[in-house]
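The values are calculated or read from the model by the stated rules, or taken from the named source; none is laboratory data. Note that the coordinates shown come from a computational prediction; the quantities given were computed from them, not determined experimentally. Cβ sites come from the backbone with ideal geometry, for glycine too, and all protein chains shown count toward neighbours. Side chains included, ligands, DNA and RNA excluded: accessible areas come from the protein's heavy atoms. Shrake-Rupley method; radii C 1.70, N 1.55, O 1.52, S 1.80 Å.
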Amino acid sequence: MNKSRILWVVLIFSLLANVFLLGGALYTRHIMEGYRDGEPQVERIVEELDLTAPQQAKLQGVAKEMQAWRAERNERREEGSDETREEMFALLMVPEFDEARLRELLQVRHAERNERFVMMGREMHGFMQTLSAEQQAKALEMMRDRSFWRYIMGGRGRR
């Protein structure tokens with residue numbers, strides 16, 4: 001191959017790579033736009049499930065409850081008042097590794113996580129009981145997709 005042909009091949013591959021990179025960036029931006037502000041985006045769920053006004057109100061209540069929990073957790077983290085987490089980091093700095101203490105702290109973290117799932121379960125159960133059998137089946141299908149939970153809780157997005 002001569003040098004000009006190699007240059008053209010490299011140029012074409014470079015152009016294709018840039019096009020795919022730009023496309024991926026734009027697609028990601030488009031996806032994140034729906035929940036960038038951290039607010040629940042229940043409109044999609046309302047449309048897909050064809051919810052009545054009382055069902056919408058219940059879903060909004062679920063979203064607000066979950067959003068409040070998430071905001072409280074994030075606030076604790078930002079203030080550095082997540083004592084369990086900070087103590088876990090501190091264990092990494094001591095000369096002797098305290099496995100027993102780490103296990104205790106992990107149990108606390110798991111208990112907090114379990115409480116969150118119980119709260120979410122209680123809220124979602126109340127919402128599901130307002131739905132028809134057909135709506136329930138569709139809602140369960142939607143719940144298997146992580147984006148459903150982002151719509152309900154409000155996504156993190158990027159600041």
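Please grab the % of Cα pairs in the chain that end up more than 23 Å from each other.
Of all Cα-Cα distances in the chain, 59 percent exceed 23 Å.
Can you pull the one-decimal nm distance between simple spin-label points at Glu83 and Arg70, each 7 Å off the Cα toward Cβ?
According to this spin-label approximation, the distance is 2.8 nm.
Where only protein heavy atoms count, and the probe is 1.4 Å, what is the accessible area per residue for the chain in Å²?
For the chain, the per-residue accessible area is 75 Å².
Mean Kyte-Doolittle hydropathy of 1.0 or higher plus an axial Cα length of 30 Å or more: which whole DSSP H helices in the chain meet both?
Those that clear 30 Å and a mean of 1.0 are 3-33.
Using a 1.4 Å probe over the heavy atoms of the protein chains, calculate the carbon and sulfur portion of the accessible area of the chain as a whole percent.
56 percent
Exactly which GluC sites (Glu not before Pro) in region 69-126 are in a DSSP loop and have at most 10 other Cβ atoms within 10 Å?
Those satisfying the criteria are Glu96.
How compact is region 72-155 by the rule of thumb for globular proteins, expressed as Cα Rg over 2.2 N^0.38 Å?
Normalised Cα radius of gyration, region 72-155: 1.54.
At a Förster distance of 22 Å, what's the computed FRET efficiency of Leu21 paired with Asp145, Cβ-Cβ distance as r, to 0.05?
Efficiency, rounded to the nearest 0.05: 0.25.
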